[in-house]
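Colleague: This is the structure, below, for whatever I ask next.
The values are calculated or read from the model by the stated rules, or taken from the named source; none is laboratory data. Please read these numbers as outputs of a predicted model, since none were measured by experiment. With ideal geometry, Cβ positions are generated from the backbone for all residues, glycine too; neighbour counts draw on all protein chains shown. With ligands, DNA and RNA removed, areas are computed over all heavy atoms of the protein, side chains included. Shrake-Rupley method; radii C 1.70, N 1.55, O 1.52, S 1.80 Å.
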Protein chains: 4
Amino acid sequence: MSEPVWAYATPGIPDRLFERLPGIPLSKCEARLLLIGNLRLYPQSILWDIGAGTGTIPVEVGLLCPQSQVFAIERDEDVAKLIERNCQKFAVGNVEVIVGSAPECLEQLQATPDRICIEGGRSLGEILDYCWQRLAIPGRVTATTSSLEGLYAISESFAKLQARNVEVVQSAVNRLETRGNRQSFAAINPMFIISGEKLG
Amino acid sequence: MSEPVWAYATPGIPDRLFERLPGIPLSKCEARLLLIGNLRLYPQSILWDIGAGTGTIPVEVGLLCPQSQVFAIERDEDVAKLIERNCQKFAVGNVEVIVGSAPECLEQLQATPDRICIEGGRSLGEILDYCWQRLAIPGRVTATTSSLEGLYAISESFAKLQARNVEVVQSAVNRLETRGNRQSFAAINPMFIISGEKLG
Amino acid sequence: MSEPVWAYATPGIPDRLFERLPGIPLSKCEARLLLIGNLRLYPQSILWDIGAGTGTIPVEVGLLCPQSQVFAIERDEDVAKLIERNCQKFAVGNVEVIVGSAPECLEQLQATPDRICIEGGRSLGEILDYCWQRLAIPGRVTATTSSLEGLYAISESFAKLQARNVEVVQSAVNRLETRGNRQSFAAINPMFIISGEKLG
Amino acid sequence: MSEPVWAYATPGIPDRLFERLPGIPLSKCEARLLLIGNLRLYPQSILWDIGAGTGTIPVEVGLLCPQSQVFAIERDEDVAKLIERNCQKFAVGNVEVIVGSAPECLEQLQATPDRICIEGGRSLGEILDYCWQRLAIPGRVTATTSSLEGLYAISESFAKLQARNVEVVQSAVNRLETRGNRQSFAAINPMFIISGEKLG
């Protein structure tokens, strides 16, 4: 039997271990750790990951919570295949990739999610509205954005939906990177992570 | 049976859930997530946590890797008791608290650690030297510091010990905090996290 | 003749040189430098500084642009006196302190400002609306906030007023501070600085 | 008479206004403001700027302190010409560009500097040693670096030279940038700014 690509019990897979496609976003390792912490997954959570991109969250969650069920939603077919390839690479078996546009394509998902991660999407407000209806009680939504418009849309939606325990953190990590023969601190672009809870 | 304080499969326990003592440092949740990711623990790792403070790392690791063995080293007896109380609060059963000064007190530890976390200590260089000898091959050391002197001492020690795959990240997270009736972004003090590996 | 408190031609007066009152905000030196750069003052600008707090901006601008006219607006009488004391301390002669609530109290100001700095105020949107009417063409408004609500209010107002060349920067500076016998990096709380221009 | 490129009395010239050469570093506007604040120039200071790169500091200082004398030291001839072109573009008349390697080429400079800015150089420690000898009393050196080695070299030199009032700040600014039709916060790479004083 071959050795697993990531044999560790802790999240934080280095970015370079993921297969990538040009132009497709990838949550950088350090920001991803913060996002995973904000998801607050149960061992058997049902997670929707909307706008899954490279698939780093499905892979990390798949490894960390092997009894959970992860639905990765991605509108681009090539990107959906990329997520599948990354899941295969890391031997993650509990991720189902759904090709389609949120919120429409979410109709086909039967199981009630208790965790929803929104990493992207055309109409954040509309997606959040739909997700909120489908979310279990208690349930938790975590959304990420690096734009001001995204931050507004998510905050307003949470306010309108009367989300509880809303939390906002902004990651801002510097990494010492080697360039030529010198090492410089490089900043990882900041990401806002906004979480809200649906309570009874 | 009572409900666990932290039933989640993901790390990132909010700071306020830990019992605290005035003046005793606590790794803030966001920086802690970054530190845990850098530890790269195996499910059955043997971890030394030196300068364990409030005990947030022993608790998080204890929950995340219930088959691991964590040795929390702390020189102050009251702080050692605080770590024990926090382990009890979170029902963590695989942490042993050692009261003593590193590196001397590490002599009594028989098992060979494959992971060492250095969160503090009087003589970082001396502690790192001793730890490196005792570290398994392959093994990994992660140290944290918020001071320039600490950053120097650790970097120089890693260079002298010919540590491999040395990585430095600096956390810098902003949290939206409520003060009175307004919410402001507050910065969490930055922490340097330096990791190095001992390879065959 | 006594030596001036700040004899330098560059801005960036250390925080400790200002007289302070408990609870009254002070723009930290590093964030203030960024704010001053965003003001883009002419040597003979007429500046309104609304919510002037401790008076750091009036003092810095007064020194940097001795031919400018600065109107510092502050609703609290004790704080207004603090601004005056700080102006005296730094021998700044071109600052007029107006006690009153913006936007009402701005009616009494005759001269047309070409620069407006909004550091605080009860109703940011209303203040911005009024300021925009009074602002010269070309003119520039720079507002600061550390809150999400403030960021929204200012961004929306700028959009509504069709401000041009809108820029947003977020300061996040770490300072090496001495605590006891060790030096640690401490983060200065982040501040958003939003600028917009009124063009012909 | 043509209008000046930068008619403002405040520093913080946008990066895009400088002529650039590929691969030649430029202190980003936001970090530059912090650096200028740390220089604490007198109106008639004599400033050495070592490793002047694109020439942003000579230009800003030349404009801010027209009675000062700025010596910009740069080892590459093409880069030296770039500095000269930028000085011409901004109509700065008090900058002399010296082509040569520091510290050797500094011998030819007769006037005693009271301010020295070190933005780069092959051997930071050696440069600092030489500069310190030549520095007026009282005098101030400010050095910038984004690398850990640079930070060490400068800190150690300052300690050895018994520099007083040593200050270290780390800039970390996020800018809202427009990419396509959306605006995202982008981090400006962090820069360490270290200052020390030579007192009587």
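Colleague: For the stretch D:23-65, which positions are in contact with a strand residue (DSSP E or B) (Cβ under 6 Å, 6 or more places away or on another chain), open to solvent by 10 Å² or more (accessible area, probe 1.4 Å) and aliphatic (A, V, I, L, M)?
Modeller: D:Ile46
Colleague: Still on this structure, please answer the following. Among the residues of the stretch B:85-129, write down those that are without any contact (Cβ under 8 Å) to a residue 60 or more places away in the chain, assigned to a loop (DSSP other than H, G, I, E, B) and surrounded by 15 or more Cβ atoms within 10 Å (Cβ to Cβ). So that I can check it myself, show each step before the final result.
Modeller: If we filter the stretch B:85-129 for residues that are without any contact (Cβ under 8 Å) to a residue 60 or more places away in the chain, which is where we start, we get B:87-88, B:92-108, B:110, B:122-126, B:128-129.
Narrowing the set further to residues that are assigned to a loop (DSSP other than H, G, I, E, B) leaves B:92-94, B:100-103, B:110, B:122-123.
If the condition is that a residue be without any contact (Cβ under 8 Å) to a residue 60 or more places away in the chain, assigned to a loop (DSSP other than H, G, I, E, B) and surrounded by 15 or more Cβ atoms within 10 Å (Cβ to Cβ), then B:Val92, B:Asn94, B:Gly100, B:Ser101, B:Ala102, B:Pro103 are the ones that fit.
Colleague: Among the residues of the stretch B:148-166, count how many are in contact with a helix residue (DSSP H, G or I) (Cβ under 7 Å, 6 or more places away or on another chain) and outside any helix (DSSP H, G or I).
Modeller: Count: 2.
Colleague: Go through the stretch D:187-200 residue by residue and tally those that are more than 13 Å from chain A (Cβ to nearest Cβ) and open to solvent by 10 Å² or more (accessible area, probe 1.4 Å).
Modeller: Residues that pass the stated criteria total 4.
Colleague: Quick check: anything in the stretch B:27-41 among the hydroxyl-bearing types (Ser, Thr, Tyr), out of contact with any Lys or Arg (no Cβ under 9 Å at 6 or more places or on another chain) and either farther than 29 Å from B:Gln133 by Cβ or within 14 Å of chain A (Cβ to nearest Cβ) (or both)? So that I can check it myself, show each step before the final result.
Modeller: Applying the first criterion (among the hydroxyl-bearing types (Ser, Thr, Tyr)) to the stretch B:27-41 yields B:27.
Filter once more, keeping what is out of contact with any Lys or Arg (no Cβ under 9 Å at 6 or more places or on another chain): B:27.
Narrowing further to those that are either farther than 29 Å from B:Gln133 by Cβ or within 14 Å of chain A (Cβ to nearest Cβ) (or both): B:27.
Looking for residues that are among the hydroxyl-bearing types (Ser, Thr, Tyr), out of contact with any Lys or Arg (no Cβ under 9 Å at 6 or more places or on another chain) and either farther than 29 Å from B:Gln133 by Cβ or within 14 Å of chain A (Cβ to nearest Cβ) (or both), one finds at least one in the stretch B:27-41, hence yes.
Colleague: Just one of the numbered conditions (1) assigned to a strand (DSSP E or B); (2) farther than 24 Å from D:Asn181 by Cβ; (3) out of contact with any Ser or Thr (no Cβ under 8 Å at 6 or more places or on another chain) is not true of A:Ser195; which one?
Modeller: Condition not satisfied by A:Ser195: (3).
Colleague: Let me ask something else about it. When both residues are 6+ apart or on different chains and their Cβ atoms are under 6 Å apart, which pairs have a first residue that lies in the stretch C:25-40 and is modelled with pLDDT of 95 or more, and a second that is open to solvent by 20 Å² or more (accessible area, probe 1.4 Å) and part of a helix (DSSP H, G or I)?
Modeller: Between residues of the stretch C:25-40 that are modelled with pLDDT of 95 or more and residues that are open to solvent by 20 Å² or more (accessible area, probe 1.4 Å) and part of a helix (DSSP H, G or I), the close pairs are C:Cys29/C:Asp15.
Colleague: What is the one condition in (1) buried (at least 20 other Cβ atoms within 10 Å of the Cβ); (2) out of contact with any helix residue (DSSP H, G or I) (no Cβ under 7 Å at 6 or more places or on another chain); (3) within 11 Å of chain C (Cβ to nearest Cβ) that D:Ser68 does not satisfy?
Modeller: Checking D:Ser68 against (1) buried (at least 20 other Cβ atoms within 10 Å of the Cβ); (2) out of contact with any helix residue (DSSP H, G or I) (no Cβ under 7 Å at 6 or more places or on another chain); (3) within 11 Å of chain C (Cβ to nearest Cβ), the one that fails is (2).
Colleague: To continue, here is another question. Does C:Ser147 fit the bill of being small (Gly, Ala, Ser), without any contact (Cβ under 8 Å) to a residue 12 or more places away in the chain and either within 14 Å of chain B (Cβ to nearest Cβ) or out of contact with any Lys or Arg (no Cβ under 9 Å at 6 or more places or on another chain) (or both)? Quick ask: steps written out before the conclusion?
Modeller: On the way: small (Gly, Ala, Ser): yes; without any contact (Cβ under 8 Å) to a residue 12 or more places away in the chain: yes; either within 14 Å of chain B (Cβ to nearest Cβ) or out of contact with any Lys or Arg (no Cβ under 9 Å at 6 or more places or on another chain) (or both): yes.
In short, yes.
Colleague: Let me ask another. So, of the residues in the stretch C:130-141 that are open to solvent by 40 Å² or more (accessible area, probe 1.4 Å) and not in a helix (DSSP H, G or I), which turns out to be farthest from C:Pro43 (Cα to Cα)? Give the steps one after another, and end with the answer.
Modeller: Within the stretch C:130-141, the first condition is being open to solvent by 40 Å² or more (accessible area, probe 1.4 Å), and the residues that meet it are C:133-134, C:137-138.
Still in the running and not in a helix (DSSP H, G or I): C:137-138.
Values: C:Ile137: 17, C:Pro138: 15 Å.
For the stretch C:130-141, the residue satisfying everything is C:Ile137.
Colleague: How many residues are in contact with a Leu (Cβ under 8 Å, 6 or more places away or on another chain) and farther than 16 Å from D:Ala7 by Cα when one looks only at the stretch C:27-49?
Modeller: The qualifying residues number 6.
Colleague: Do the conditions hold for D:Arg115, that is, is it touching a Leu at 6+ places or on another chain (Cβ under 6 Å) and within 30 Å of C:Gln170 (Cβ to Cβ)? Break it down into steps so the answer makes sense when it comes.
Modeller: Values: touching a Leu at 6+ places or on another chain (Cβ under 6 Å): yes; within 30 Å of C:Gln170 (Cβ to Cβ): yes.
Spelling it out, D:Arg115 is indeed touching a Leu at 6+ places or on another chain (Cβ under 6 Å) and within 30 Å of C:Gln170 (Cβ to Cβ).
Colleague: Turning to a different aspect of this structure: Out of A:Ile116, A:Ile57, which single residue is in contact with a helix residue (DSSP H, G or I) (Cβ under 6 Å, 6 or more places away or on another chain) and hydrophobic (A, V, I, L, M, F, W, C)? Walk me through it before giving the result.
Modeller: Working: A:Ile57 fails: in contact with a helix residue (DSSP H, G or I) (Cβ under 6 Å, 6 or more places away or on another chain).
The match here is A:Ile116.
Colleague: It is to be established whether one or more residues within the stretch B:63-82 are touching an Asp or Glu at 6+ places or on another chain (Cβ under 6 Å), in a loop (DSSP other than H, G, I, E, B) and polar (S, T, N, Q).
Modeller: Checked against the condition, which is being touching an Asp or Glu at 6+ places or on another chain (Cβ under 6 Å), in a loop (DSSP other than H, G, I, E, B) and polar (S, T, N, Q), the stretch B:63-82 yields no hits at all.
Colleague: Among the candidates A:Arg20, A:Arg16, single out the residue that is more than 14 Å from the chain's Cα centre (by Cα), surrounded by fewer than 21 Cβ atoms within 10 Å (Cβ to Cβ) and assigned to a helix (DSSP H, G or I). Let's see the steps before the verdict.
Modeller: On the way: A:Arg20 fails: assigned to a helix (DSSP H, G or I).
Among A:Arg20, A:Arg16, only A:Arg16 is more than 14 Å from the chain's Cα centre (by Cα), surrounded by fewer than 21 Cβ atoms within 10 Å (Cβ to Cβ) and assigned to a helix (DSSP H, G or I).
Colleague: So which residues in the stretch C:169-186 are surrounded by fewer than 22 Cβ atoms within 10 Å (Cβ to Cβ), assigned to a strand (DSSP E or B) and not hydroxyl-bearing (Ser, Thr, Tyr), if there are any at all? Lay out the reasoning, then the answer.
Modeller: From the stretch C:169-186, those surrounded by fewer than 22 Cβ atoms within 10 Å (Cβ to Cβ) are C:175-184, C:186; that's our starting set.
Within this subset, residues satisfying the condition of being assigned to a strand (DSSP E or B) are C:175-179, C:182-184, C:186.
Hits for the stretch C:169-186 are C:Arg175, C:Leu176, C:Glu177, C:Arg179, C:Arg182, C:Gln183, C:Ala186.
Colleague: Among the candidates C:Ile57, C:Ile116, which residue alone is more than 13 Å from every other protein chain (Cβ to nearest Cβ) and of a type in the set (A, V, I, L, M, F, W, C)?
Modeller: Working: C:Ile57 fails: more than 13 Å from every other protein chain (Cβ to nearest Cβ).
Result of the check over C:Ile57, C:Ile116: C:Ile116.
Colleague: If I ask for residues that are at pLDDT 95 or above and in a loop (DSSP other than H, G, I, E, B), which ones from the stretch C:41-55 would you list?
Modeller: Just the residues of the stretch C:41-55 that are at pLDDT 95 or above, to begin with: C:41-50, C:54-55.
Of everything in the stretch C:41-55, those that are at pLDDT 95 or above and in a loop (DSSP other than H, G, I, E, B) turn out to be C:Leu41, C:Tyr42, C:Pro43, C:Gln44, C:Ser45, C:Thr54, C:Gly55.
Colleague: Take the stretch A:91-147 and flag every residue that is within 15 Å of the chain's Cα centre (by Cα) and of a type in the set (Asp, Glu).
Modeller: The answer is A:Glu96, A:Asp114, A:Glu119.
Colleague: Would you pick out the residues in the stretch B:157-166 that are in contact with an Asp or Glu (Cβ under 9 Å, 6 or more places away or on another chain) and either touching a residue at least 40 places away in the same chain (Cβ under 8 Å) or of a type in the set (S, T, N, Q) (or both)? Before the answer, list the steps.
Modeller: So the first thing to find is which residues in the stretch B:157-166 are in contact with an Asp or Glu (Cβ under 9 Å, 6 or more places away or on another chain), and the list is B:157, B:160-161, B:163-166.
Of everything in the stretch B:157-166, those that are in contact with an Asp or Glu (Cβ under 9 Å, 6 or more places away or on another chain) and either touching a residue at least 40 places away in the same chain (Cβ under 8 Å) or of a type in the set (S, T, N, Q) (or both) turn out to be B:Ser157, B:Asn165.
Colleague: Here is a list: B:Leu161, B:Leu151. Which entry is modelled with pLDDT under 95 and either crowded, with 21+ Cβ neighbours inside 10 Å or within 25 Å of B:Ser45 (Cα to Cα) (or both)?
Modeller: Working: B:Leu161 fails: modelled with pLDDT under 95.
Just one listed residue meets the conditions, B:Leu151.
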